[in-house]
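Colleague: Sharing a structure here in structure tokens format.
What follows draws every value from the coordinates through simple rules; no lab data is involved. Everything numeric here is computed off the predicted structure, so don't read it as measured data. Note that each Cβ is placed from the backbone with ideal geometry, even for glycine, and that neighbours are counted across all protein chains shown.
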Amino acid sequence: MSDVVNDSVQCPCGYIFHGDDLDQESGKRKPCPKCGSLKRIFNEKAEDGVVLSEHLKGEIKKPSSRHKKGRADYEFEQGVIKGKNGKPVYIRKVIDREHPDSPESYVEYVRDKNGNIIVNKSEKLSEHRVV
């Protein structure tokens, strides 16, 4: 998305046109009130920005999985996402349904761009409860 910072139409002599003079075609242009020229210089300055971030999300499901239909054996997510307040946060999340009694079968870590920890959980998936 571009934001136009400055746009103008001017004559080579430096006179800047306003109003109706801006949209006229070359055959219908009024002469420059300063020098009489029909030439125009169209100036447009635009700025554009791109924000790059890394984010990886995936899941592993074995053909022999014994979990409910659609549920993966292992899910992971890591990288920068938009947080609940709309600001970017770093997230690392792991859900290991193959080993639900492992102390790290549910991991959730979230921090803001200043390094402040918002969530820091590492627990057994079998004991994890959504609040």
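Colleague: Based on alpha-carbon atoms only, what is the radius of gyration of the stretch 77-131 relative to the globular estimate 2.2 N^0.38 Å? The partial results should precede the final answer.
Modeller: Working: Rg = 12.2 Å, N = 55, 2.2 N^0.38 = 10.1 Å.
Ratio of Rg to 2.2 N^0.38 Å for the stretch 77-131: 1.20.
Colleague: Now, a different point. Among I118, V107, N85, whose Cα lies farthest out toward the positive end of the dipole of the stretch 55-127, if unit charges sit on the beta carbon of Lys, Arg (+1) and Asp, Glu (-1)?
Modeller: N85
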